[in-house]
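Notes to accompany the following structure.
The values are calculated or read from the model by the stated rules, or taken from the named source; none is laboratory data. None of these values were measured; they are calculated from a predicted model. Cβ coordinates were reconstructed from backbone atoms using ideal geometry, including for glycine residues, and neighbour counts include every protein chain displayed.
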Amino acid sequence: MSNGKRNKLKRRKNKNFFHFGEWGMTSLDYIFCSDAWINIAYGSVRSGKTIACNARWIEFVTKSDSDEFLISGKTSQSLKRNVIKPLIAMLNTDNIDYDYRQHDGELLIEDKTCYCMGFNDEKAVDVIAGMSVGGWYADEIARCPQSAVEMAISRCSDVGAKMFWNTNPDSPYHYIFTNYINNHELLEAGTVKTWKFLLDDNPNLPPEYVEELKRVNQKSEVFYKRNILGEWVIAEGAIYDMFDTKQNVFTWNYLKDEFPSEQKIHEINLCCDYGVSTVTTFGVMGIHRDIHQGNTYYLLEETYYDKEDIGVAQSDSERVDDIVMLQDKYHLNETSTIFLPHDAASLKTACQKDNRVKLKVKTYAPDTYEDIKKTQDLFNNNRFLIHQDCTNSISQAQTYSWDKKAQQRGEDRPLKINDHCPDMWRGGLYGPTNTTNTATPLGVIYF
């Protein structure tokens with residue numbers, strides 16, 4: 001590399017550094033022995049999988065004879081958060097030249113180019129179809145469509161190319177498990193090597209944190225087996241089986257100023273599930289912000305119009321009446337938002353045309369599985385609470401269930417039964433763009 005290019009890369013460095021703690025034995029084994037064509041790190045959360053992959057990736061790229069590589073994640077946002085940021089901190093700490101061109105989706109490590117992209121849907125296939133790369137680092141590989149994964153594998157065609165994947169466990173019928181992790185032919189041939197990471201493999205976690213993590217995951221059997229034991233098990237039965245009416249239901253009346261002072265509501269928005277010939281339900285979602293502990297969400301009130309019970313479908317004008325009623329009852333204005341489903345175009349138009357609606361009107365496009373995981377985590381940590389009068393939400397929190405037939409196809413997919421309230425919550429929980437659940441630390445990043 002020329003001195004001019006090297007200096008240009010150096011000037012782009014930021015001030016984040018990585019604190020290398022103690023390496024666990026599984027991490028060390030992965031770093032030094034991941035010499036197969038496909039190397040897969042899977043297992044429990046916070047077990048050091050990503051950090052081990054990051055360290056191995058830096059070593060691999062800097063020593064490779066290839067010039068171009070691929071880094072992928074579920075989305076470009078999750079990739080930046082989970083991989084790119086700690087990867088840059090490690091490059092800073094090791095004094096390795098780099099240039100992160102976020103707008104172009106490129107990370108230059110010395111004179112090597114890593115193309116960074118999200119594999120959120122089938123469209124990724126078209127983007128990577130013409131590539132030829134010397135290696136591929138895949139974060140959250142089990143969350144990516146099979147077609148994109150198979151295309152990316154075919155792109156690793158340079159001499160000496162290798163792949164480094166990490167993932168949390170999913171269904172035992174998932175294609176990543178059946179086609180690669182549990183494929184005895186590929187394992188015996190040495191084409192695929194796997195490493196199972198557990199919490200005890202990360203010696204840098206405080207013991208009290210490990211115990212708390214185990215405790216909150218004990219509320220759900222499938223959560224515990226996947227997140228703590230690192231097992232690929234079927235998510236059977238109730239989706240929110242960790243929901244506890246003693247912990248996740250509250251009685252305080254917001255309108256009567258009964259909320260505890262430490263749980264002050266900083267923002268209120270409306271959310272909706274829209275059904276032309278079924279159920280339309282609206283929710284009033286209060287948000288208590290805490291940049292250190294994470295936000296807490298309160299479903300203050302719900303409306304529930306079931307066409308089958310009433311016999312007549314609700315019109316959009318009547319739905320707008322419900323919105324205005326809740327808006328005025330909670331004294332909401334243009335600082336609040338109503339988040340409508342992506343398929344409620346006619347209702348969105350009706351809201352925008354009605355002068356009574358003071359709220360901002362936005363559309364929320366759900367990511368069903370990711371939203372479910374985040375809501376499970378909120379229930380687990382008692383950071384999503386439902387008012388006792390929201391009887392439909394309380395009932396459906398306990399009866400919203402997994403589709404067993406979809407499980408046999410390797411998919412975690414909910415049944416379209418008792419799903420109206422869980423669908424309604426999502427806009428209130430994840431619609432606001434600035435409601436990050438946890439603070440992002442700056443400066444030194446710790447292992």
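Brief remarks follow.
- Counting only strands (runs of 3 or more DSSP E) that sit completely within segment 286-381, those holding 3 or more residues that are surrounded by fewer than 18 Cβ atoms within 10 Å (Cβ to Cβ), at negative phi and not aromatic (F, W, Y) correspond to 360-364.
- Odd one out for P206, checked against (1) closer than 27 Å to E22 by Cα; (2) exposed (fewer than 13 other Cβ atoms within 10 Å of the Cβ); (3) in contact (Cβ under 8 Å) with a residue 60 or more places away in the chain: (3)
- One residue stands out among those in segment 20-45 that are under 25 Å from the mean Cα position of the chain (by Cα) and not hydroxyl-bearing (S, T, Y): the one that is modelled with the lowest pLDDT, which is V45.
- All told, N54 falls short of being at pLDDT below 95, assigned by TED's automatic domain parsing to the domain that holds R143, assigned to a helix (DSSP H, G or I) and of a type in the set (S, T, N, Q).
- Unique match (being at pLDDT 90 or above, on the phi > 0 side of the Ramachandran plot and surrounded by 15 or more Cβ atoms within 10 Å (Cβ to Cβ)) among G48, G73: G48
- Residue match in segment 124-133 (condition: farther than 24 Å from L28 by Cβ, modelled with pLDDT of 95 or more, touching a strand residue (DSSP E or B) at 6+ places or on another chain (Cβ under 7 Å) and in a loop (DSSP other than H, G, I, E, B)): yes
- Each residue in segment 259-285 was checked for being surrounded by fewer than 20 Cβ atoms within 10 Å (Cβ to Cβ) and over 16 Å from Y330 (Cα atoms), and 8 pass.
- Cβ pairs under 8 Å, 6+ apart, first in segment 381-398 and over 22 Å from K214 (Cα atoms), second assigned to a loop (DSSP other than H, G, I, E, B) and among the acidic types (D, E): Q396/D419
- Yes/no for G311 being at pLDDT below 95, over 21 Å from W252 (Cα atoms), within 20 Å of the chain's Cα centre (by Cα) and not basic (K, R): no
- Matching entry among D99, D104, D35, D29 (being surrounded by fewer than 21 Cβ atoms within 10 Å (Cβ to Cβ) and part of a helix (DSSP H, G or I)): D29
- Failed condition for G190, given (1) among the small types (G, A, S); (2) crowded, with 16+ Cβ neighbours inside 10 Å; (3) over 19 Å from D65 (Cα atoms); (4) at pLDDT 95 or above: (2)
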